[in-house]
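One structure is given here, and the rest of the page talks about it.
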Ligand SMILES: [Zn+2]
């Protein structure tokens, strides 16, 4: 399985984000990275993030080619294809960490809060309904939901926690790998104003 522990994988991401925030990215030899990964790669973590153009996981965690599995979908929600990708990443390929990466000012969350009705979007954004309900219960909103930045942030945070729970509920193989200590599943939240990622649901041994 994984060549590094879940804790080491988390440290790599934390350190990478610190480099990103400070603007001191690791110098990269892209040509060498291409050569070194041509015959295969051993990504150490899998990230489920949003499609938002401001939150590319490889960049915000300052990782090179072959380091991360990345699944990106509006609102970082799960469906069967996403679950299969995460299960493959950890249970077949040996990644040691799953990160559900939400972010502030999320357009998908705003759309869901405003009841955006447009084709296939509606069905996907219905998955955010439990997070909206949880955030409403926790404090609600003053402005219309999607226009209230603190409510949108609250829904996005709830969504990270609920998505983590969904992954464990719907993917027994990942839940088992976590119970056995091979994999850790953690939440993370990216602030579009600072570039900083704050992790949550981290097990402290
Ligand atoms: Zn988003």
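No value in this document is a laboratory result; all are computed from the given coordinates. As the structure is a prediction and not an experimental result, all values here were calculated from the model. Ideal geometry is used to build each Cβ from the backbone, glycine not excepted, and the neighbour counts take in all protein chains shown.
Summary table
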read-out: 0 to 90° range, to nearest 10: angle between helix 129-138 axis and the chain longest Cα axis; value: 70
read-out: Three semi-axes of the equivalent ellipsoid, the chain, Cα gyration tensor, whole Å, largest first; value: 29, 19, 16
read-out: Descending principal axes extents, region 133-180, alpha-carbon based, whole Å; value: 44, 15, 14
read-out: Convex hull volume of region 48-152 per residue (C-alpha atoms, cubic angstrom); value: 116
read-out: Degrees, to the nearest 10: 149-170 long Cα axis against longest axis of the chain; value: 60
read-out: DSSP bridge pairs, the chain: antiparallel proportion in percent, nearest 5; value: 20
read-out: Shape category assigned to region 75-123 from the gyration tensor of Cα positions, a/c cut at 1.5; value: oblate
read-out: Rg followed by Dmax, in Å, when region 1-86 is reduced to its Cα trace; value: 13.6, 37
read-out: Shape call, region 4-48: gyration tensor on alpha carbons, a/c limit 1.5; value: oblate
read-out: Cβ-Cβ FRET estimate between residue 24 and residue 165, R0 fixed at 30 Å, reported to 0.05; value: 0.25
read-out: Folded to 0 to 90 degrees: helix 6-22 orientation relative to the chain principal axis, Cα; value: 70
